[in-house]
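Below is one structure, written out as structure tokens, with a few remarks after it.
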Amino acid sequence: MSPSTVRAGRFQSIAWVLLAALCLGSCQRADKTAALPGASAEPAAAMQSMTLPLRRNDLVAYARIRVTPAQYTQLEAAWRSGASRWPLTELPLPNEVGSLLGTLSAPGAERQLQQAFDAQLAGQSQGIRQAAQSLGQFGVQYLRSRSDYQPEQRAHYVQLVDALSAWAATAPLADRARAKASIADLVTAARATGIGSDADLQRLGMEESLRRLGPFWAAAKQVLERYGLSLDSSLDALRTGLIRQDGDRAQVRLRYPLAAHDIDLSIGLIKRDGHWYQQQTQDEVQALLGAAPAAPAADAAATPDTPAAAPATPAATGQRPAGR
């Protein structure tokens, strides 16, 4: 796994632990602003399509549209060998998803988690507000001090931390009734996955794990709506436009609302085998696969409960065919 991927994953994990669902942040309002210039251009349309699987809670399609079919097969093998947990490292979830699901699905989890909430967070609105503000300041300083993030990556994370720390400072995170309902929803969704450890993820393989995690992702989004946030609204309001294109490379502008902020960033894309992919994802996946030990052919073969993955099609992933 590449250092930049690991660093990004660690940052997401810290944010998850310290501010609960902070990195899942979204918005309360629909953005009716006109389309960005170049929105109909092929690279911009492809970038827009990459967000559709997250809106549909289809994590398998999300993985397929982010990488080439050959990379997808290699990533499945790397997952089974334990060398990769991509694309979980790209999602706003903690790195140790298996452990999180194990905690949520353990016997008596509802009671234990409610007791922990009551002891640490219930009624602590002022303390949470102060912590959110402090963590936001720390997060921005940390990101700006690191020289090993890509510029577009750092700019995006800084905007996220600014927006989400402001949201967390006013969100009803100390409300006991909301916490009780949210814990129940997450525990139910976690148990439904049948995943309780990283070993389970490795046994199931990438595609089957992602298939099972899709409903949990949907439940997490619903929990956020209980706190006045809607990731789906944010995805629905997301807009893309073309900044420039030079052959098989392009720079795309992406804007979306987040809490009371508008996130605005530039993303590099590259065209491979007739489809557009995010340059940063391609770089990190190539580094990950280059560092992964070579797996025997049998490791990538299908098992009875995980059928072999067929090459992704535009209909399956939401990506438009090249030239349309």
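The values are calculated or read from the model by the stated rules, or taken from the named source; none is laboratory data. These numbers were taken from a predicted model, which means no experiment stands behind them. Counting neighbours? That spans all protein chains shown, and the Cβs are built from the backbone with ideal geometry, glycine included.
General remarks:
- Among all residues of the stretch 168-185, there is at least one that is aliphatic (A, V, I, L, M), out of contact with any helix residue (DSSP H, G or I) (no Cβ under 9 Å at 6 or more places or on another chain) and under 30 Å from Q120 (Cβ atoms).
- Of all residues in the stretch 64-84, those that are outside any helix (DSSP H, G or I) and within 15 Å of P293 (Cβ to Cβ) total 3.
- Of all residues in the stretch 203-232, exactly one satisfies the criterion of being among the aromatic types (F, W, Y) and over 13 Å from V97 (Cβ atoms), namely Y227.
- Test: residue in the stretch 68-84 that is modelled with pLDDT of 95 or more, closer than 30 Å to D200 by Cβ, among the hydrophobic types (A, V, I, L, M, F, W, C) and in contact with a strand residue (DSSP E or B) (Cβ under 9 Å, 6 or more places away or on another chain): no
- Hey, L210 at pLDDT 95 or above, closer than 27 Å to F138 by Cβ and not basic (K, R) or not: no
- Counting the residues of the stretch 162-188 that are without any contact (Cβ under 8 Å) to a residue 60 or more places away in the chain and within 22 Å of the chain's Cα centre (by Cα) gives 4.
To keep it simple, each residue is scored yes or no on (1) out of contact with any helix residue (DSSP H, G or I) (no Cβ under 7 Å at 6 or more places or on another chain); (2) crowded, with 17+ Cβ neighbours inside 10 Å; (3) among the aromatic types (F, W, Y).
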site	(1), (2), (3)
R64	no, yes, no
T68	yes, yes, no
G82	no, no, no
G102	yes, yes, no
S125	yes, no, no
S147	yes, no, no
A163	yes, yes, no
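- Among all positions in the stretch 238-260, there is no residue which is in contact with a Pro (Cβ under 9 Å, 6 or more places away or on another chain), farther than 22 Å from H275 by Cβ and not basic (K, R).
- The listed residues are Q159, Q137, and the only one of them that is over 21 Å from P87 (Cβ atoms), touching a strand residue (DSSP E or B) at 6+ places or on another chain (Cβ under 9 Å) and in a helix (DSSP H, G or I) turns out to be Q159.
- All positions within the stretch 225-237 that are surrounded by 21 or more Cβ atoms within 10 Å (Cβ to Cβ) and closer than 14 Å to L254 by Cβ: S234
- Residue among R178, R154 that alone is surrounded by fewer than 18 Cβ atoms within 10 Å (Cβ to Cβ) and over 28 Å from D58 (Cβ atoms): R154
- When residues of the stretch 94-116 are limited to those that are of a type outside the set (G, A, S) and under 16 Å from P215 (Cα atoms), the one farthest from the chain's Cα centre (by Cα): L104
To keep it simple, each residue is scored yes or no on (1) surrounded by 16 or more Cβ atoms within 10 Å (Cβ to Cβ); (2) under 30 Å from D273 (Cβ atoms).
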residue: L93; (1), (2): yes, yes
residue: A109; (1), (2): yes, no
residue: L135; (1), (2): yes, no
residue: F138; (1), (2): no, no
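- Restricting the stretch 167-215 to residues that are in a loop (DSSP other than H, G, I, E, B) and among the small types (G, A, S), the residue that is nearest to L75 (Cα to Cα): G205
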